[in-house]
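Read through the structure below, which is laid out as structure tokens, and then see the notes.
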Amino acid sequence: MFQRIAVAGFGLIGGSVALALRAVAPGCQIVAIDDAAVVSQALGAGAADAGGDDLALANGADLVILAAPVRQNIGLLHDLPSRVRGEALVTDVGSTKRAIVAAASHLPSRLRFVGGHPLAGAATGGFASARADLFRGRPWIFSPTGNQQDPDVERLMAFVSQFGALPKAMDAAAHDRLMAYISHLPQLAVSALMQVVGERAGREGLRLAGTGLRDTTRLASSPAGTWRDVTATNVDALGAAIDDLTLALQRLKSDLTDGLELERVFDRAASWKRTLDRSDDEDRGES
């Protein structure tokens, strides 16, 4: 489908794209663009055929994937016209879409951009955590620009389908509003929860914690650097989500004695959790 692919940012997502490609399209040439240590890892693992830290290495690629943190991707997007000659299809894998789709409006027509976001991840980042099956059964959202040609979107959807991903098109603004609730708010809430619990319970107290705390705080190991870019490019939507959660906690706090609000929240939460679990079963094809 693509003969030469340049991946700028060879961490968890970029590295997993490369490993998935190795499994389904071993003849595809993959170029890793990152710092020297990461590129050395990628080459040593056979995940890339060539690499370096210069964006100009993307010359000759028919697909360029921007897989660095969100704001770094935007910077790379600005640099592409001066560093990459000729035509190429360009996409990204960032967790917010409005900012980079807006930035892409300044690209020359020879560089066609389609915003992308695979809804897949792990508790830890970096190439060491990358794996070929990361995207299997997971949604991969594309947010094309207003003048985007349909064939480009279709090619990218077919491309990620090779990895077992489930492609879907979504407007950039709608994407960012939704992600604020189903992805960004959970991450911030879990990290804040682990900080509060850890500082109050201390090392010895945490030794007494059961599986509930461990299961609930799995996301608390996520690297802050990546999320700093996410929050900075989704301030309005994420701010509204934090306000909603804060209000829900304040209502619980005001009714701790009678527990009427607690009962209402727990009942509604259990109902939505069943909905969430059913959607997971449907995605896996289970009855």
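The values are calculated or read from the model by the stated rules, or taken from the named source; none is laboratory data. Since the structure is predicted, the reported quantities are computational estimates derived from the model, not experimental observations. Using ideal geometry, Cβ is built from the backbone for each residue, glycine included, and neighbour counts are taken over all protein chains shown.
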> Could we say that ASP277 is assigned by TED's automatic domain parsing to the domain that holds LEU188 and within 29 Å of LYS97 (Cα to Cα) here?
Replying inline: no
>> Only one of THR233, THR226 is touching a Ser or Thr at 6+ places or on another chain (Cβ under 6 Å), hydroxyl-bearing (Ser, Thr, Tyr) and in contact (Cβ under 8 Å) with a residue 24 or more places away in the chain. Can you tell me which?
In response: THR233
> So which residues in segment 191-213 are of a type outside the set (Gly, Ala, Ser) and under 19 Å from GLY125 (Cα atoms), if there are any at all?
Replying inline: MET194
>> Just to confirm my filter: which strands (runs of 3 or more DSSP E) fall fully inside segment 107-198 and include at least 1 residues that are touching a residue at least 60 places away in the same chain (Cβ under 8 Å), touching a helix residue (DSSP H, G or I) at 6+ places or on another chain (Cβ under 7 Å) and within 23 Å of SER221 (Cβ to Cβ)?
In response: 111-118
>> I'd like the full set of residues that are surrounded by 13 or more Cβ atoms within 10 Å (Cβ to Cβ) and of a type in the set (D, E, K, R), limited to segment 229-243.
In response: ASP229
> Is there a residue in segment 263-270 that is within 16 Å of ALA189 (Cβ to Cβ) and surrounded by 10 or more Cβ atoms within 10 Å (Cβ to Cβ)?
Replying inline: yes
>> Between VAL24, VAL17, which is farther than 20 Å from GLN72 by Cβ and within 22 Å of the chain's Cα centre (by Cα)?
In response: VAL24
> among the charged types (D, E, K, R), at pLDDT 95 or above and surrounded by fewer than 16 Cβ atoms within 10 Å (Cβ to Cβ): does that describe GLU204?
Replying inline: yes
> How many residues are modelled with pLDDT of 95 or more, of a type in the set (A, V, I, L, M) and more than 15 Å from ALA50 (Cβ to Cβ) if we restrict to segment 14-31?
Replying inline: 3
>> Just to check your reading of the model, which residue among ALA123, ALA99 is farther than 17 Å from LEU21 by Cβ, modelled with pLDDT under 95, under 16 Å from the mean Cα position of the chain (by Cα) and of a type in the set (A, V, I, L, M, F, W, C)?
In response: ALA123
